[in-house]
Every structure is written in structure tokens, then in C-alpha cells.
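Engineer: Structure in C-alpha cells, see below.
No value in this document is a laboratory result; all are computed from the given coordinates. Computed from a prediction, not measured in an experiment: that's the story for all the values here. Positions of Cβ are generated from backbone atoms using ideal geometry, with glycine treated the same way; all protein chains shown enter the neighbour counts.
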Amino acid sequence: MLNNYTYMEQTIRKMQVKGASSMMTFSLWKQLKRRLRRSRKPLWTLGAVAFWITASIGCGAAITAVPPVLYAKDQPSISEALANRTDAIPVILRRIYVCGEETESLGRLEGKGIVRLLMEHPEWSASLDRDGESVTVVEHIEDLSDYCKSHAYFGIDKNGNFSLFDGAPKEEKVLRTFFQLDIRFMESSLPDHQLEQLNQGIRVSDIDEYNSVLSTYSDYAMEPNEKAMKQAY
């Protein structure tokens, strides 16, 4: 007879073969881990939860759709508008990071030069300003900006949210809020020194540290129904 973990693993593989989203499966699995950890229920309940995951997938659990980005190759109107322009136009490059943003002037380029630049970087998106007198191109980078590498901290804001700060959390300069923390569960699960570290702020200097810390504390995120109950009281 298969043990519970083997059964769970085979169930997840079957869902992936049937086309279930890997991100969705991962999210459901993380919810399952949190529930089992909190309830301290025996592992034989995994078999029942495997059915719950399968049913959730089968019923078409909601997945938030990310709107498509219009890249240069998908924006013929911009290329057409620029192709015949012989005057030099200011071009601004915006680099948008996971944390932070940088802006750089690429100088003034003629229309054909801008079109050529966009063709060389098809992953960039581009837009003309309202007057058609300047072009802004945007590059998305899966990393932290130089500023964030030296200033970003994870911590808890005054409302109990897990947040990213510009500087130590005590300065209250929130850059981004991720989720409400289940403080009671977290305090009963983590050692005192780790809780103190979170209160003081956890420095992150690269994308690997950023993802690691975010993943660790996502286990203590308050589930939506728990948050709703808390707000009701």
C-alpha cells in the first residue's frame, strides 16, 4: 500500500499531466502545509486533502490573469509613427526591477534609429508621449536595483503586514506590502532570535536572498478567510 507522501506526489503529477498550473498546484500545496502544521493533524489526512486539491483543480479554481505586456514587436503603430521621422527625439530608458527603478537618458535619436533599437531589444515595451515629442522604453529586470541592494529590508509594519522597507522598519518607509502575517502562529513556531530579527528588519542584498526570505515567511501568511474573520471583529 502506498504511503501518504507517495500518494500525494502521484496525485500532483497526475494533475500536472492533465494540464493543471504548476503555480496553482504549488499554492495549494503551501496552503495544505500551513493547515497541517497549525492543526497538528496526523499525516493520514493527506489522502483526504489530495482529493481536495484534485477537486479544486477540477472545479476551475480562480487564477488571476496577468495582462499581456505590449512589446516593441507587438506595437506596429509606434514603429510606423517613428519610421518616417527625421527629427531627433529624446529617448528615455526605464529599468523596472523587482525592487526599485532606474531611469537613463539614451540621448536623441532619429525615428529609424529608435525603430532599430526596439528591434534589437524585442523584450522592451515602448510608448510615445502625448505630444509625440519623446519616447520612453521600459525594461523589466528580475533583480534588485543597486539602491535596493544597499537599502532594502524585510520586516513587519505597524498593521502586522509582511512588508519591504526602504531602510530599517522603524523608519516606516514601506516600499511594498505582501501579506498579513498570522502573528500568533508565527510567535508559537519561530525562535525568539528569529522574531527579533524580523522586528529589527532583515537586510536583503540580492534576488536570491529576497526570494528566500519571502518564501520563508509566506508560510506564516494569514489565509483570506482568517483575515476576513479578524476584520469582522
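Engineer: How many of the residues making up the stretch 170-207 are of a type in the set (A, V, I, L, M) and on the phi > 0 side of the Ramachandran plot?
Structural biologist: Number satisfying all stated conditions: 0.
Engineer: A follow-up question, please. In the stretch 117-149, what residues are in a helix (DSSP H, G or I) and out of contact with any Asp or Glu (no Cβ under 7 Å at 6 or more places or on another chain)?
Structural biologist: Scanning the stretch 117-149 gives Leu117, Leu118, Met119, Glu120, Asp146, Tyr147, Cys148.
Engineer: Just one of Leu128, Leu144, Leu118 is under 30 Å from Leu198 (Cβ atoms), of a type outside the set (Phe, Trp, Tyr) and touching a helix residue (DSSP H, G or I) at 6+ places or on another chain (Cβ under 8 Å); which is it?
Structural biologist: Leu144
Engineer: Oh, and also: Looking at the stretch 82-91 only, could you name the residues that are in a strand (DSSP E or B) and either exposed (fewer than 15 other Cβ atoms within 10 Å of the Cβ) or free of Cβ contacts under 8 Å to residues at least 12 places away in the same chain (or both)?
Structural biologist: Pro90
To keep it simple, each residue is scored yes or no on (1) out of contact with any Leu (no Cβ under 9 Å at 6 or more places or on another chain); (2) basic (Lys, Arg); (3) exposed (fewer than 14 other Cβ atoms within 10 Å of the Cβ); (4) closer than 23 Å to Ser145 by Cβ.
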| residue | (1), (2), (3), (4) |
| --- | --- |
| Pro169 | no, no, no, yes |
| Glu172 | yes, no, yes, yes |
| Arg184 | yes, yes, yes, no |
| His193 | yes, no, yes, no |
| Ser205 | no, no, yes, yes |
| Ser218 | yes, no, no, yes |
| Glu223 | yes, no, no, no |
